[in-house]
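All remarks here apply to the structure that follows.
Read the figures in this text as sums done on the coordinates, not as results from a lab. The shown structure was predicted, so the numbers you read here are calculated from the model rather than taken from an experiment. Neighbour counts are summed over all protein chains in view; Cβ atoms, including those assigned to glycine, are modelled from backbone coordinates with ideal geometry.
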């Protein structure tokens, strides 16, 4: 699983690949806060903001469960800009993290003592 960890203090996002530690996220939902100490980020806590599965289907906070569902959407994750009043049926993933999730997006809520750049070790930092 790939983690994309955004730091609102610096405006940077870091990518981190994890293996067996991914099981600590299973069963959590979008909006849940998780302690990042088990993956080496001591003192850091983050909020789950979304993610995608192995085929690129986005997670949505308003779709419950772990599976894919076809839902009628008028905006939000998984929907490009539409005309006013237009709705479209799209396949999206539920809001619960499971084994199928390939990328998980996190936002730092509590910072640790060391800067995130030091702990991730020169990981890919993106600004923007």
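What to note about this one:
- By the count of neighbouring beta-carbon atoms within 10 Å, fewest first, 59, 1, 24 end up ordered 24, 1, 59.
- Whole-percent P(r), the stretch 48-97, all Cα pairs, 10 Å bins from 0: 28, 55, 17, 0.
- When Rg and Dmax are taken over the Cα atoms of the stretch 14-57, they come to 11.0, 33 Å.
- Share of pairwise Cα separations in the stretch 77-120, more than 17 Å, in percent: 61 percent
- Gaussian network model of the chain, springs between alpha carbon atoms under 10 Å - residue of 47, 114, 12 with greatest fluctuation: 114
- Across every pair of non-identical alpha carbons in the chain, the mean reciprocal distance, once inverted, gives a Kirkwood radius of 15.4 Å.
- Choice from 58, 115, 77 showing the highest fluctuation, given a GNM over the chain with Cα pairs closer than 10 Å: 115
- DSSP beta bridge pairing in the chain, given as percent antiparallel to the nearest 5: 80 percent
- Residue 72 paired with residue 88, simple spin-label distance in nm, labels 7 Å along Cα-to-beta-carbon: 1.7 nm
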